[in-house]
Structure formats: C-alpha cells, structure tokens
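First the structure, in the form of structure tokens, and then the observations on it.
The values are calculated or read from the model by the stated rules, or taken from the named source; none is laboratory data. The model shown is predicted, which means the values in this text are computed figures rather than measured ones. Don't worry about glycine lacking a Cβ; one is built from the backbone with ideal geometry, like all the others, and counts go over all protein chains shown.
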Amino acid sequence: MASDIGCEVSNKQVVLKNYVSGFPKESDFEVTATTIKLKVPENSKNAVLLKTLYLSCDPYLRGRMRYTPVTDPDILTSPISGFAVAKVVDSGHPDFKKGDLVWGRRVGWEEYSLVTTPECLFKIHHTDVPLSYYTGILGMPGITAYFGFYEICSPKKGERVYVSAASGAVGQLVGQIAKLMGCYVAGSAGSKEKVELLKSKFGFDI
C-alpha cells in the first residue's frame, strides 16, 4: 500500500457480469481495475477508506445476484459488497482513525473500499487471533450462532438440540457450542458427504 496518503493507486475489483441463475459460475464475474485516491473525498466527511484484507463469501449473496423486480441495478456495475476485514487508510469519521483494524459489512470486493456508512463497521481490539476469524467465528456467523443458541434457544446441559443446515457457517458453530455445553446434538445437511462431516469433524452425535 502506498504510504503517501492522497496519492492515486490502482484498485482491482470483482464485478458481476450477469445475473445469476442457480449456483454462481466463474464466468458470471469479471475482474476489473480502476483508480482511487487514498483519501476520503471532501463531500464524504463521515466516510472511511479501507484497505481490504479478507473478504467473506456468504450464501446470502446468491439472493442479491439473482434478478428480481427489486434487485439493485448497480450490482452489475459496482463491485459486489459484503462482510470483510480491513484496515483504515483514511477517515473522516471521529470513531475511526488511520491504522485501525475493522470488520463489518458493505465493504466492496475490491482492494480499496470507500464506506459511507461506517456505523456498519466494528473495531477489532483483539489481534492475538488470526484476523480472518472476524469473517467467521468472531464475525457475523459466530455472533448469529452465539446469540441464537444462548439467548433464543437457551438450552440446558443434557438436553437434545437439533440443528438444520448444520454444515453451514452458522449451523456448524451452533452444533459445536451445543456439544461443549453438554447437549446431545443432531444435525441435518443437504448431502451424505456433509452429514458424514458433521460427525467426523464437528462432533455431532447423529
């Protein structure tokens, strides 16, 4: 990354070429390059400019890639956006400063991303674990699993817990948390291979 803030650099981006039907294919995407100044624009005083470190490719993105009457037309002209881990390059927001590490959503699939809604970002205070964990167990999937299990499900030790879509990012965490708590855990998944994985890798009972 260039050290001279305000200079103009190349910015590689991943853009959707076509609306997706079914599973996305490599041919549905293209890598393009534009340029960006490493400084928050004057008219975006609360924005933050980020250097992307890790991107999360989540299943919910498939819904955004399909054509529907309410699909955002910019999806075919702007970089895909989602959850990411990034480093602050420049900031116009009082809660973020240059050098801060953050995770959150609405970060573009690009090398540098200008986020105009920084309220969707969270500062990373603990760096004694791999930063990539903030796209998984310490990010959205982990938070969803934790609060869904403890705050909504609220099971007790020895109870039986059933997890649907148990091989997914959230489901496999719920199952492991339940096992650590001493529950009997059953899970379902969409293929024989995934079901075998639940027992051999994630410790599900059935």
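Give the residue, chosen from 79, 130, that is in contact (Cβ under 8 Å) with a residue 60 or more places away in the chain, out of contact with any helix residue (DSSP H, G or I) (no Cβ under 9 Å at 6 or more places or on another chain) and not basic (Lys, Arg). Of 79, 130, the one residue that is in contact (Cβ under 8 Å) with a residue 60 or more places away in the chain, out of contact with any helix residue (DSSP H, G or I) (no Cβ under 9 Å at 6 or more places or on another chain) and not basic (Lys, Arg) is 79. Checking each residue in segment 82-94 for being within 15 Å of residue 117 (Cβ to Cβ), touching a helix residue (DSSP H, G or I) at 6+ places or on another chain (Cβ under 6 Å) and among the hydrophobic types (A, V, I, L, M, F, W, C) picks out only 83. Residue 119 passes every criterion in (1) assigned to a helix (DSSP H, G or I); (2) surrounded by 16 or more Cβ atoms within 10 Å (Cβ to Cβ) apart from (2).
Filter segment 50-108 down to the residues that are assigned to a loop (DSSP other than H, G, I, E, B), farther than 15 Å from residue 123 by Cβ and aromatic (Phe, Trp, Tyr) and list them by number. Give the derivation first.
Step one: list which residues in segment 50-108 are assigned to a loop (DSSP other than H, G, I, E, B), which gives 56-60, 66-72, 77-78, 80, 92-100.
So of that shortlist, the ones also farther than 15 Å from residue 123 by Cβ come out as 56-60, 66-72, 77-78, 80, 92.
The answer is 60, 67.
Mind listing whichever residues of segment 81-96 are in contact with a strand residue (DSSP E or B) (Cβ under 6 Å, 6 or more places away or on another chain) and either over 23 Å from residue 129 (Cα atoms) or surrounded by fewer than 18 Cβ atoms within 10 Å (Cβ to Cβ) (or both)?
As a first pass, look at segment 81-96 and keep what is in contact with a strand residue (DSSP E or B) (Cβ under 6 Å, 6 or more places away or on another chain): 81, 83-91, 93, 96.
Correct list: 81, 87, 90, 91, 93.
Take the conditions (1) outside the structural domain of residue 59 (by TED's automatic domain parsing); (2) under 30 Å from residue 14 (Cα atoms); (3) buried (at least 16 other Cβ atoms within 10 Å of the Cβ); residue 111 misses just one of them, which is (1).
The rows are residues; the columns are (1) outside any helix (DSSP H, G or I); (2) of a type outside the set (Gly, Ala, Ser).
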position	(1), (2)
132	no, no
146	no, yes
150	no, yes
155	yes, yes
161	yes, yes
168	yes, no
172	no, yes
177	no, yes
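Scanning for something within 22 Å of the chain's Cα centre (by Cα), surrounded by 10 or more Cβ atoms within 10 Å (Cβ to Cβ), among the small types (Gly, Ala, Ser) and not in a strand (DSSP E or B), does segment 24-44 turn up at least one residue? Taking every residue of segment 24-44 in turn, none turns out to be within 22 Å of the chain's Cα centre (by Cα), surrounded by 10 or more Cβ atoms within 10 Å (Cβ to Cβ), among the small types (Gly, Ala, Ser) and not in a strand (DSSP E or B). For the structure I just gave you, tell me whether residue 10 is among the hydroxyl-bearing types (Ser, Thr, Tyr) and surrounded by 14 or more Cβ atoms within 10 Å (Cβ to Cβ). Answer is no for this residue.
Take residue 56 and tell me if it is modelled with pLDDT under 95 and in contact with a helix residue (DSSP H, G or I) (Cβ under 8 Å, 6 or more places away or on another chain). Yes; evaluated as a whole, the condition is true for this residue.
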